[in-house]
Amino acid sequence: MNRSKPRHFASDNCSGIAPEAMAALVEANHYHAPSYGDDLWTERACDRIREIFEKDCDVYFTFTGTSANALSLAAMARSYHAVLCHERAHVEDHECAAPEFFSGGAKLVLLPGENGKLTPGVIEAEALRNRGDFHASKVRAVTITQPTEHGTLYQRNEIAAIGEACQKLGLNLHMDGARFSNAVVALGCQPADITWRAGVDLISFGLSKNGAAVGDTVVFFDRSLAVEFEYRLKQSGQLASKMRFLAAQYVGLLTGDAWLRHAAHANAMARRLADGICLLRGASVPHPVEVNFVIAALPQQAIDGLRARGWHFYNAFKSGEVRLACSWDTQTSDVDCFLADLKELIG
């Protein structure tokens, strides 16, 4: 491997643009088109998303996953509402209070759960705890991350159980789907089966971690929640004038199986990485590896040594734990070279 330009394990955001997305961008650049989404590329992308989810849903494009998540929660919750999420949810740990900002102050209530997942019992207990007491924020919605920040998956029955609890409690359910593609291929299911058929009202469906250059979508399965959402987009600076360049990438990746093929490859690279780590004495993988990243427990001298050799990755939840993310373009040689360095450093 060329160590001057290594493929990083820090994030799947470090990857390049997949050829299908790049080809669509080049094609969309050949001619003029109407602005602000009144173009054929945006129409095609929205129709393809509706086909994939098997639902006549409302689709909106944003520039970032943070804006997609924050505006989704703002569409469900007013300033005096509360949104329940896992204590290590991405909307809590990595989005700089954007949900609170765009909702005008809606409170994120953090709940515990093994392997990054919420359960219906925890949701129901919190939702009922302050019900009827106007001195506390009124619980209005739940957001789950699929896959979780631990790299684990909500199974279809788990989402359905949460959806049923939300329906009983009168709560809306949002899914943060930045890596939704990885979840779909890992579970071997139809997208509809782990979204609206399981009680999810809207999803932030992103592809930038799976081969797109930029952009995200908010997909409303409950179209009543989308009323005046275009005003939220404009006010927040998320209404793209040349929207076809956001949409074209979705057309390129979602036409055929490119989005699933790339996600499956990233998942397989993470499994190869985890299997190799588990063979080394003094290293372990404390969380299930179900999608495209690995939480690994490594000796500190190995962590320091890997970084000194040019490997990029993030710290995870505890001292000595790191997160290693694989991408659509991660190669087996990248994984094997990393494992060789780790083996040498561990001794």
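The values are calculated or read from the model by the stated rules, or taken from the named source; none is laboratory data. Quick caveat: nothing in here was measured; it's all calculated off a predicted structure. Cβ placement follows ideal geometry from the backbone for every residue including glycine, while neighbour counts extend to all protein chains displayed. Please note that ligands, DNA and RNA were not included when accessible areas were found on the heavy atoms of the full protein model with its side chains. Shrake-Rupley method; radii C 1.70, N 1.55, O 1.52, S 1.80 Å.
Okay, here's what the table says:
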read-out	value
Three-way shape label, segment 88-137, alpha-carbon gyration tensor, a/c 1.5	oblate
Solvent-accessible area per residue for segment 145-211 (1.4 angstrom probe, square angstrom)	27
In order through segment 327-336: 3J(HN,Hα) via Karplus (6.51 cos²θ - 1.76 cosθ + 1.60), integer Hz, x for Gly, Pro	10, 4, 10, 5, 10, 4, 5, 5, 4, 5
Under 5 Å, built H, 5+ apart or other chain: amide partners of K107	H81, A82, V83
Accessible surface of segment 1-89, 1.4 Å probe, proportion on carbon and sulfur as whole %	50
Contact order relative to length of the chain, as percent, for alpha carbon pairs under 8 angstrom and 6 or more apart	25
Residue-normalised accessible area of segment 21-131, given per residue in Å² at a 1.4 Å probe	49
Helical mean residue ellipticity (222 nm; -39500 (n - 2.57) per DSSP H run of 4+; nearest 500) of the chain	-12000 deg cm²/dmol
Counted charge near R281, where neighbours are those whose Cβ lies closer than 14 Å (Asp, Glu -1; Lys, Arg +1)	0
Charge sum, other residues only, whose C-beta stays under 12 Å from H174's C-beta, Lys/Arg counted +1 and Asp/Glu -1	-2
Rounded if a/c under 1.5, otherwise prolate or oblate - the chain, Cα gyration tensor axes	oblate
Dipole magnitude of the chain about its Cα centre (Cβ charges: Lys, Arg +1; Asp, Glu -1), debye to nearest 20	480
Cut-off under 5 Å, modelled amide H: who pairs with A212 long-range	A18
Dipole axis of the chain (+1 Lys, Arg; -1 Asp, Glu on Cβ), positive-most option in I277, L239, I303	I303
Calculated from backbone phi, Karplus (6.51, -1.76, 1.60) coupling profile of segment 58-75 in Hz, x at Gly/Pro	8, 10, 10, 9, 10, 7, 9, x, 4, 5, 4, 5, 5, 6, 4, 5, 5, 5
Square roots of five times the Cα gyration tensor eigenvalues for segment 1-74, Å	28, 20, 13
Descending Cα extents along the principal axes, segment 1-158, whole Å	58, 45, 32
Accessible-area composition of segment 238-281, carbon plus sulfur, in percent [1.4 Å probe]	58
Amide H contacts of H287 (H built 1.01 Å from N, under 5 Å, at least 5 apart or other chain)	I295
